[in-house]
Amino acid sequence: MNVPSRNASSAFRSIRAIDYTVVFVRDMAAMRHFYEQVLGFPLIRELSPRWIEYRIGPNTLALALPGLTAKDAPTPQGSAALQLAFKVAPAEVDQCADELLRQGIPLLIPPTDQPFGHRTLFFRDPDGNLLEVFADI
């Protein structure tokens, strides 16, 4: 399969990284509790009750209520809007699973060695988004 090459003169060639990711949420209070208290992500700032930012390594994860930039309808209940994958060291996959279970968070798939060289763990946030903790093995 031929993949078209990027235009050498495109201004988009200057993009080097994803700076931040925005998760549009249905229930800000539940999502904030989950990302701060369950996952322990450090709060960077709260720009408003509709926009909260967390630091994850060199990146920012923002929780936002829809409507600031677009008038999209919320994702229907029971549908994941996205999957986020968080990389850790191999032993930490099992430690994360244990901590989630202690906090009453059900695991979709417990720590599992995958044939493609990852140890993975899958669970959901309060809005139903799919979250993965993984390590290279």
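From the set of residues in the stretch 88-112 that are charged (D, E, K, R) and surrounded by 13 or more Cβ atoms within 10 Å (Cβ to Cβ), which is farthest from TYR54 (Cα to Cα)?
The selected residue is ASP94.
Report yes if some residue within the stretch 71-83 is within 26 Å of ILE137 (Cα to Cα) and without any contact (Cβ under 8 Å) to a residue 60 or more places away in the chain; otherwise report no. Before you say what the answer is, go through the steps one by one.
Step one: of the stretch 71-83, the residues within 26 Å of ILE137 (Cα to Cα) are 82-83.
Restricting the remaining residues to those that are without any contact (Cβ under 8 Å) to a residue 60 or more places away in the chain gives 82-83.
Among the residues of the stretch 71-83, at least one is within 26 Å of ILE137 (Cα to Cα) and without any contact (Cβ under 8 Å) to a residue 60 or more places away in the chain, which makes the answer yes.
Go through the stretch 97-137 and give me each residue that's polar (S, T, N, Q) and either within 14 Å of TYR35 (Cα to Cα) or in contact (Cβ under 8 Å) with a residue 40 or more places away in the chain (or both).
Result: GLN103, ASN129.
Residue check: is ARG26 more than 13 Å from the chain's Cα centre (by Cα), closer than 18 Å to LEU84 by Cβ and part of a loop (DSSP other than H, G, I, E, B)?
So ARG26 passes the test.
Since every read-out is calculated from the coordinates, none of them should be taken as a lab result. Worth saying up front: this structure is predicted, and the values here are computed from it rather than measured. Every residue, glycine among them, receives a Cβ derived from its backbone with ideal geometry; neighbour counts consider all protein chains shown.
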